[in-house]
Amino acid sequence: MHQNNAEAATSVLPATDSRPDRDLPVDPDLLRDLVTANHILYDQGVVDAFGHVSVRHDKDPGRFLLARNMAPALVTEEDIVEFDLDGAPLNAAGRGVYMERFIHGQIYRARPDVIAVVHSHSPSVVPFSVVKETPMRAVCHMAGFIGTGTPNFDIREVAGDGTDLLITNNDLGKALAKTLGEKVLVLMRGHGSTVVADTLKKAVYRAVYTEVNARTQAAASRLGEITFLSEAESETTSRNIETQVFRAWDFWKQKATAACAALSNQFGAGQEL
Ligand code: MN
């Protein structure tokens, strides 16, 4: 438990045992949806063996839920771990946890409006993180949430040269959250991106369409000068399409559940990677 974990020694939060609400059960539907989110993000090509999705605890905003250190496609309800906002696991019971969990905790701390976070290395997005000349912008109505510009976090400006580019501590998590600011998407130079939303389903939707927008923008740029969505179009399209997120979720869920069940049958659920 928390007090036996080495991470707890550096936590600035009270020890878990002193918290009277420590056993608040997570909404079972939310837990199931988090498993589904893992599977959808795999099936839609946003994550592979790496990348992760979290959701804020529905009864304690000072905690979030995230799978243990494993491939998202194989995640089950038993693999979900609770963390405090410093990234200290509360019930890992010795299980490995993601090195980059600090992305999630520090964004939840900085942004009370955020309920879910997706971090990925989705392949079409990474090129936009390494070029100065071409910022990612919304090019299609499904991705209006991206707006007219995307902040790009360069770890070198915060931690100097020679890092592994990963967000492996709370200081780096704070710096990333600062670069994200009030936006919903932040690129991470030479690494990937992180997207947030006020619901889990919307965060998954945005992660999928961040990848789609990156592919579309790159394809359009080879054809000629791009007419991007304007600021006003970005706002209107995102406001309207995001009322339809349930439709994408329901379809993606059916497809992903079948695909991930087949994978689990083939490889066995719960492999630690
Ligand atoms: Mn990463």
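The values are calculated or read from the model by the stated rules, or taken from the named source; none is laboratory data. The model shown is predicted, which means the values in this text are computed figures rather than measured ones. Every residue, glycine as well, gets a Cβ built from its backbone with ideal geometry; the counts of neighbours run over all protein chains shown. Quick note on the areas: whole protein, heavy atoms, side chains included, nothing else; ligands and nucleic acids left out. Shrake-Rupley method; radii C 1.70, N 1.55, O 1.52, S 1.80 Å.
Out of curiosity, is residue 66 more than 21 Å from residue 255 (Cβ to Cβ) and either within 16 Å of the ligand (Cβ to nearest atom) or touching a residue at least 60 places away in the same chain (Cβ under 8 Å) (or both)? So residue 66 fits the description; yes.
Tell me the residue from 148, 134, 179 that is closer than 30 Å to residue 227 by Cβ, among the polar types (S, T, N, Q) and in contact with a Pro (Cβ under 8 Å, 6 or more places away or on another chain), please. Testing whether each residue is closer than 30 Å to residue 227 by Cβ, among the polar types (S, T, N, Q) and in contact with a Pro (Cβ under 8 Å, 6 or more places away or on another chain) leaves just 179.
Looking at 197, 116, 177, just one residue is within 16 Å of the ligand (Cβ to nearest atom) and surrounded by 18 or more Cβ atoms within 10 Å (Cβ to Cβ), and that residue is 177.
Matching residues to (1) farther than 25 Å from residue 220 by Cβ; (2) away from the ligand (no atom under 16 Å from the Cβ):
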residue: 130; (1), (2): no, no
residue: 133; (1), (2): no, yes
residue: 138; (1), (2): no, yes
residue: 142; (1), (2): no, yes
residue: 146; (1), (2): no, yes
residue: 168; (1), (2): yes, no
residue: 172; (1), (2): yes, no
residue: 183; (1), (2): no, yes
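Among residues of segment 188-213 that are among the acidic types (Asp, Glu), those with a beta-carbon under 6 Å from a residue that is modelled with pLDDT of 95 or more and away from the ligand (no atom under 16 Å from the Cβ) at least six positions away or on a different chain give the pairs 198/113; 198/115.
Within segment 130-141, one or more residues are open to solvent by 10 Å² or more (accessible area, probe 1.4 Å), more than 19 Å from residue 184 (Cβ to Cβ), touching a helix residue (DSSP H, G or I) at 6+ places or on another chain (Cβ under 7 Å) and modelled with pLDDT under 95.
For segment 217-237, does any single residue satisfy the condition of being open to solvent by 30 Å² or more (accessible area, probe 1.4 Å), at pLDDT 95 or above, within 16 Å of the ligand (Cβ to nearest atom) and not β-branched (Val, Ile, Thr)? There is no residue in segment 217-237 that is open to solvent by 30 Å² or more (accessible area, probe 1.4 Å), at pLDDT 95 or above, within 16 Å of the ligand (Cβ to nearest atom) and not β-branched (Val, Ile, Thr). Only a single item in (1) touching a residue at least 60 places away in the same chain (Cβ under 8 Å); (2) over 14 Å from the mean Cα position of the chain (by Cα); (3) part of a strand (DSSP E or B) is not met by residue 53, and it is number (2). Quick check on residue 92: is it more than 15 Å from the chain's Cα centre (by Cα), modelled with pLDDT under 95 and not hydroxyl-bearing (Ser, Thr, Tyr)? Yes, satisfied. Within segment 72-86, being open to solvent by 10 Å² or more (accessible area, probe 1.4 Å) and in a loop (DSSP other than H, G, I, E, B) holds for 76, 85, 86.
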